[in-house]
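A.B. asks: This structure is in structure tokens; I'll ask about it shortly.
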Amino acid sequence: MASNLGRLFSSIFNLSAPKLVLPCIRSEPPLTRSSINSASRLVSSSAQKPQSDQENINKEQREAVERDLENKNEDDLEEEEGGGGGIQANEETGEVGGPRGPEPTRYGDWERNGRCYDF
Amino acid sequence: MTTCIPAGGGKLHYQVTDCKGHGLQGCRKTSSVSGVTFNRCSQKELSWSSGVSKFLNIQRCNFSQSPISENWRIIRTVTSSCLRDGSTKFFDFAVIGSGVAGLRYALEVAKHGSVAVITKAEPHESNTNYAQGGVSAVLCPSDSVESHMHDTIVAGAHLCDEETVRVVCTEGPDRIKELIAMGASFDHGEDGNLHLAREGGHSHRRIVHAADMTGREIERALLEAVDKDPNIFVFEHHFAIDLLTFQNGSDTVCLGVDTLNTETFEVTRFNSKVTLLASGGAGHIYPSTTNPPVATGDGMAMAHRAEAVISNMEFVQFHPTALADEGLPLKPTKTRENAFLVTEAVRGDGGILYNLAMERFMPLYDERAELAPRDVVARSIDDQLKKRNEKYVLLDISHRPREKILLHFPSIAAECLRHGLDITRQPIPVVPAAHYMCGGVRAGLQGETNVRGLYVAGEVACTGLHGANRLASNSLLEALVFARRAVQPSIEHMKSSGIDFSASNWWPRPVVPKSLGTNTMDKILTFTREVRKELQALMWRYVGIIRSTIRLKSAERKISELEDKWEEYLFQQGWEPTMVGLEACEMRNLFCCAKLVVSSALARHESRGLHYTVDFPHLEESMRLPTIIFPASPVKSTWSSRQLHKQPI
């Protein structure tokens, strides 16, 4: 339920005013806290949500991403335990005991979850 | 003034008088060769095994296969004398650094004598621990040593020493097997064979790894073995200050190292028959680096001060896209210890690079745009930053599906979110980060240096393997191979050395600055921290990825001025030349390494591998030789360029 709510919030933000946020950063240095907040307030009023204070809006946006990241971790865990408790081979790479997901070296450097460790 | 030869270059920047009179005969020999024959020195003549001994007049190490004799009585005698006198310790072998090179060596030589492993923080704090990629080796029947060699030499822009490359690629597989026997656990496939990955630059799958924590796993296995070994004594939080050396005729001989215990603030002198320098890299000469805080180039600086020859310092490896804290909405409260590199995969998956005016700049530099090779991207970013006088560029992946972004790059998403940035909607601020030093203390094929009794292995060494650019995953391999190769000559040297207990009095001892008082120490500390930042900013600005003679000369001048300013301040506050403190000693090492990089970069009149200069933008075949830096002249020297025990009174 919580994860659905998270997805709902994030899709509201996406549908209602994705571009409201972007112009701020395209022409200026990256978003400051105040510009995130003012953009978020605009979004929330247009979606007819109750007026929340700045902290909550920022928090919800953050929580949406956090929830999605958590769900991704849960999915990964299920994938691993699915086969009856033992360590499964990685479907993509055929490796046992190694990192899940795509081959870390597929683009030349050694990456895990987006962070590069060596090249 | 350092004597610096762009080996093989038409112009040579030094004179005979710059070499110390009583020092290396070999140096004089070389200088007489300079204008006349240097240009004609072939690669073979300057090969690493013969070159070092030929030009620098050291004896080849002749050793026989002696049986392993465990003379426990001898070992116990040495041990007990180190307990008697707390401030001077006597060991057969001293190892400076606790990364893969240091520990691997320690475990072998411990079978023949007592070993002190000296490490400046916790034993696991080293570049090794952060090397979370893999180790490369020929472990597949369809792979070949020739192929690994070829890949290494191509990556190194043909500046590698072929014999070194052959040795490393040939001995690599055995070194990996030994690690496995020691308990390091590497990933395997379902068929039970080692799982090998293929990293950029390799034409075959040959990277062995442990999940994604290879360095950490190797470090863990080695530390465990070291803990169990009764002949190895680990001295944590012991910062190495200077090597203890003396002149024996034309030879410089190393008999140990002075250290500062950074927890008790006591100086401990280590007298050893053999010393292995395995102190790692110098990333912290730059403001953004993947290296942990311990990597301040201590070994390279100590070796240079001890008159060891340094080589190829201009080849500094940068990763183009590290997360730029400057560009995060909520800046981290304290400076990040080591840079967060944003993978190539972001660009591979469609990420676009923009400058701060939101102009897509890569197409201006290369038709492959963001998919151009990493070094092209690094140079392009550097060029934009310097032209526009900006601190970072932007890497935008937000146009891709949100779910895909979070699926593939959760670490970046989480880290950015922590600092107020949502990468599914906003671009990621990135800046190049210093990652690895290809150059260092020049080593022969046995890890020997021109200083007798001093061996080197790992990132601190310049063995000829990496040439002008390191091939991915070859660094752990180099460390393993050379640590092992230095063992036999070390044992032979140790056996032929006597212990002179009075030798420990030959050098004045470093002093802890108790007399200065807390107030003064605080001022010195604060100023030193500022100076460090200033040096790092200078290095990034003037000795970055794209170089030019004008900028390098500016760097030379400004670094010298900064160094004078810093030393003047210290001495004004009452600091004396034999005083030591962690930050001050690190600072002098950083100055030393920075100057080595600048001198080397100025000496190379071509662009090759990692060294790119607009004044000489092409490869020059006649310059396909290592850059060599000989010891400094005593005429004009600073606190950072002299050993502590050789300071003028």
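The values are calculated or read from the model by the stated rules, or taken from the named source; none is laboratory data. These numbers were taken from a predicted model, which means no experiment stands behind them. Using ideal geometry, Cβ is built from the backbone for each residue, glycine included, and neighbour counts are taken over all protein chains shown. The protein model used for the area step is the full one, side chains on, heavy atoms only, and it has no ligands, DNA or RNA in it. Shrake-Rupley method; radii C 1.70, N 1.55, O 1.52, S 1.80 Å.
A.B. asks: Ratio of chain B's C-alpha Rg to 2.2 N^0.38 Å, to two decimals?
C.D. replies: Working: Rg = 24.0 Å, N = 649, 2.2 N^0.38 = 25.8 Å.
Working it through for chain B, the quotient is 0.93.
A.B. asks: Rounded, prolate or oblate: pick one for segment B:257-397, where a ≥ b ≥ c are the square roots of the eigenvalues of its C-alpha gyration tensor, a/c under 1.5 means rounded, and failing that, prolate if a/b is larger than b/c, else oblate. Write down the numbers at each step before the final one.
C.D. replies: Values: a/c = 3.17, a/b = 2.09, b/c = 1.52.
Prolate is the answer for segment B:257-397, as a/c is 1.5 or above and a/b outweighs b/c.
A.B. asks: Which residue, B:Pro626, B:Pro648, B:Ser600, has the largest displacement toward the positive end of the dipole of segment B:592-649 when charges sit on each Cβ (Lys, Arg +1; Asp, Glu -1)?
C.D. replies: Towards the positive end, the residue furthest out is B:Pro648.
A.B. asks: Suppose we keep just the DSSP beta bridges with both residues in chain B; what percent of those would be antiparallel, to 5? Present the calculation step by step, with values, prior to reporting the outcome.
C.D. replies: Numbers: 43 of 70 bridges.
Antiparallel bridges make up about 60 percent of those DSSP assigns within chain B.
A.B. asks: Putting +1 on Lys and Arg Cβ atoms and -1 on Asp and Glu Cβ atoms, find which of B:Ala306, B:Asn271, B:Tyr365 reaches farthest to the positive end of the dipole of segment B:271-373.
C.D. replies: Among B:Ala306, B:Asn271, B:Tyr365, the one farthest towards the positive end of the dipole of segment B:271-373 is B:Asn271.
A.B. asks: For chain B, give the magnitude of the charge dipole about the Cα centre (Cβ charges: +1 Lys/Arg, -1 Asp/Glu; no others), in debye to the nearest 20.
C.D. replies: Working: 71 positive and 74 negative charges, 267 e Å.
Charge dipole, chain B, about its Cα centre: 1280 debye, nearest 20.
A.B. asks: Here is a further query. Give the B-A buried accessible area in Å², both sides summed, 1.4 Å probe, nearest 100. It would help to have the intermediate numbers written out before the result.
C.D. replies: On the way: alone 25880 and 8980 Å², together 30290 Å².
Summing both chains' loss of accessible area gives about 4600 Å².
A.B. asks: Another one. Label-point separation (nm) for A:Glu103 and B:Lys495, each offset 7 Å from Cα along Cα-to-Cβ?
C.D. replies: 4.8 nm
A.B. asks: List, by residue number, every residue in segment B:418-445 with a reduction of 50 Å² or greater in accessible area between the chain on its own and the complete protein assembly, 1.4 Å probe.
C.D. replies: B:Arg425, B:Gln426
A.B. asks: How much of the calculated P(r) for segment B:421-502 lies past 16 Å, in percent of all Cα pairs? Intermediate values should be presented prior to the final figure.
C.D. replies: Details: 2036 of 3321 pairs.
The share of Cα pairs beyond 16 Å in segment B:421-502 comes to 61 percent.
A.B. asks: Taking H placed 1.01 Å from N in the peptide plane, check which residues at least 5 places from B:Val511 or on another chain put their amide H under 5 Å from its amide H.
C.D. replies: B:Met579, B:Val580
A.B. asks: Amide H neighbours of B:Glu199 under 5 Å, at least 5 residues apart or on other chains, H built in the peptide plane: list them.
C.D. replies: B:Arg206, B:Ile207
A.B. asks: Where the centroid of each part is defined by its Cα atoms, how far is segment B:369-389 from segment B:555-570 in Å?
C.D. replies: Measuring centre to centre over Cα atoms gives 30 Å.
A.B. asks: Related question: Compare B:His158, B:His112, B:His611 by solvent-accessible area with a 1.4 Å probe and give them largest first, with all protein chains kept in place.
C.D. replies: Values: B:His158 90, B:His112 30, B:His611 0 Å².
Reading off the accessible areas and sorting them downward yields B:His158, B:His112, B:His611.
A.B. asks: Considering only protein heavy atoms, with the full assembly of protein chains and a 1.4 angstrom probe, order B:Ser641, B:Ser203 by accessible area, largest first. Provide the component values of the computation, followed by the final result.
C.D. replies: Working: B:Ser641 25, B:Ser203 65 Å².
Solvent-accessible surface, decreasing: B:Ser203, B:Ser641.
A.B. asks: Enumerate lysine pairs in segment B:487-618 that are 8 or more residues apart or on different chains, then count those whose Cα atoms are under 27 Å apart.
C.D. replies: Taking the Cα cut-off of 27 Å, the pair count is 15.
A.B. asks: Under 1.5 on a/c is rounded, so check that first for segment B:496-649, then, if it is not, pick prolate when a/b is larger than b/c and oblate when it is not; a ≥ b ≥ c are the square roots of the alpha carbon gyration tensor eigenvalues.
C.D. replies: Oblate.
A.B. asks: Let me ask something additional. Take the alpha carbon atoms of segment B:425-474, find their center, do the same for segment B:166-227, and report the distance between the two centers in whole angstrom.
C.D. replies: Between the Cα centres of segment B:425-474 and segment B:166-227 lies a distance of 19 Å.
A.B. asks: OK, next. Amide H neighbours of B:Thr252 under 5 Å, counting only residues 5+ apart in sequence or on other chains, H built in-plane at 1.01 Å?
C.D. replies: Result for B:Thr252 returns B:Arg452.
A.B. asks: Then there is this: With a 1.4 Å probe and every protein chain left in place, work out the accessible area per residue of chain B in Å², rounded to a whole number. Don't skip to the end; give the middle numbers.
C.D. replies: Details: 23690 Å² over 649 residues.
That works out to 37 Å² for each residue.
A.B. asks: To continue, here is another question. From the phi of every residue in segment B:562-571, what ³J(HN,Hα) in whole Hz does the Karplus formula 6.51 cos²θ - 1.76 cosθ + 1.60 yield, where θ is phi - 60° and glycine or proline is x?
C.D. replies: Calculated HN-Hα couplings, in order: 5, 5, 4, 4, 5, 5, 4, 4, 4, 5 Hz.
A.B. asks: Can you check how the C-alpha radius of gyration of segment B:91-193 compares to 2.2 N^0.38 Å, as a plain ratio?
C.D. replies: Working it through for segment B:91-193, the quotient is 1.28.
A.B. asks: Now, a different point. Rounded to the nearest 20 Debye, what is the dipole magnitude of segment B:150-271 about its Cα centre when Lys and Arg each give +1 and Asp and Glu each give -1 at the C-beta? Could you put the intermediate results ahead of the total?
C.D. replies: On the way: 10 positive and 23 negative charges, 43 e Å.
In debye, rounded to 20, segment B:150-271 gives about 200.
A.B. asks: Can you tell me the dipole magnitude for segment B:371-429 around its Cα centre, using point charges on the Cβ only (Lys, Arg +1; Asp, Glu -1), in Debye to the nearest 20? Let's see the in-between values first.
C.D. replies: Details: 11 positive and 8 negative charges, 17 e Å.
Around 80 debye, computed over segment B:371-429.
A.B. asks: Can you work out the Karplus-derived ³J(HN,Hα) for every residue in segment B:488-505? Use 6.51 cos²θ - 1.76 cosθ + 1.60 with θ = phi - 60°, whole Hz, and x for glycine or proline.
C.D. replies: Rounded to whole hertz, the list is 4, x, 5, 4, 4, 4, 4, 5, 8, 9, x, 9, 10, 5, 7, 4, 5, 9.
A.B. asks: Go ahead and estimate [θ] at 222 nm for chain B from helices alone: -39,500 (n - 2.57) per DSSP H run with n ≥ 4, summed, over the residue count, rounded to 500.
C.D. replies: Working: 19 runs with 236 residues, N = 649.
Value at 222 nm, helices only, nearest 500: -11500 deg cm²/dmol.
A.B. asks: Once phi is turned into ³J(HN,Hα) by the Karplus curve 6.51 cos²θ - 1.76 cosθ + 1.60 with θ = phi - 60°, what whole-Hz value does each residue of segment B:290-304 show in order, with x for glycine and proline?
C.D. replies: 7, 6, x, x, 6, 7, 10, x, 4, x, 4, 5, 4, 5, 4
A.B. asks: Expressed as a whole percentage, what fraction of the accessible surface of chain B belongs to carbon and sulfur atoms when a 1.4 Å probe is rolled over the protein heavy atoms? Don't skip to the answer; put the middle values down first.
C.D. replies: Values: 12300 of 23690 Å².
The value for chain B is 52 percent carbon and sulfur by accessible area.
A.B. asks: Taking Cα atoms of segment B:178-311, Rg/Rh with Kirkwood Rh, to two decimals? All intermediate terms of the calculation are to be shown ahead of the outcome.
C.D. replies: Working: Rg = 19.3 Å, Rh = 18.3 Å.
Looking at segment B:178-311, the ratio lands at 1.06.
A.B. asks: Rounded if a/c is under 1.5, else prolate if a/b is larger than b/c, else oblate: which is segment B:249-297, with a ≥ b ≥ c the root eigenvalues of its Cα gyration tensor? Mind showing how you got there, number by number?
C.D. replies: Values: a/c = 3.13, a/b = 1.49, b/c = 2.10.
Note, shape of segment B:249-297 comes out oblate.
A.B. asks: To continue, here is another question. Using every pair of alpha-carbon atoms in segment B:401-441, split the distances into 10 Å bins beginning at 0 and state the percent of pairs per bin, rounded to integers.
C.D. replies: 25, 40, 18, 13, 4
A.B. asks: Got a sec? What order do B:Tyr130, B:Tyr392 fall in by accessible area at 1.4 Å, biggest, i.e. largest, first? Please list the in-between numbers first.
C.D. replies: Working: B:Tyr130 60, B:Tyr392 20 Å².
Descending order: B:Tyr130, B:Tyr392.
A.B. asks: Along the charge dipole of chain B, pointing to its positive end and built from +1/-1 on Cβ of Lys, Arg, Asp and Glu, which listed residue (B:Ile180, B:Ala468, B:Ala324) has its Cα farthest out?
C.D. replies: B:Ala468
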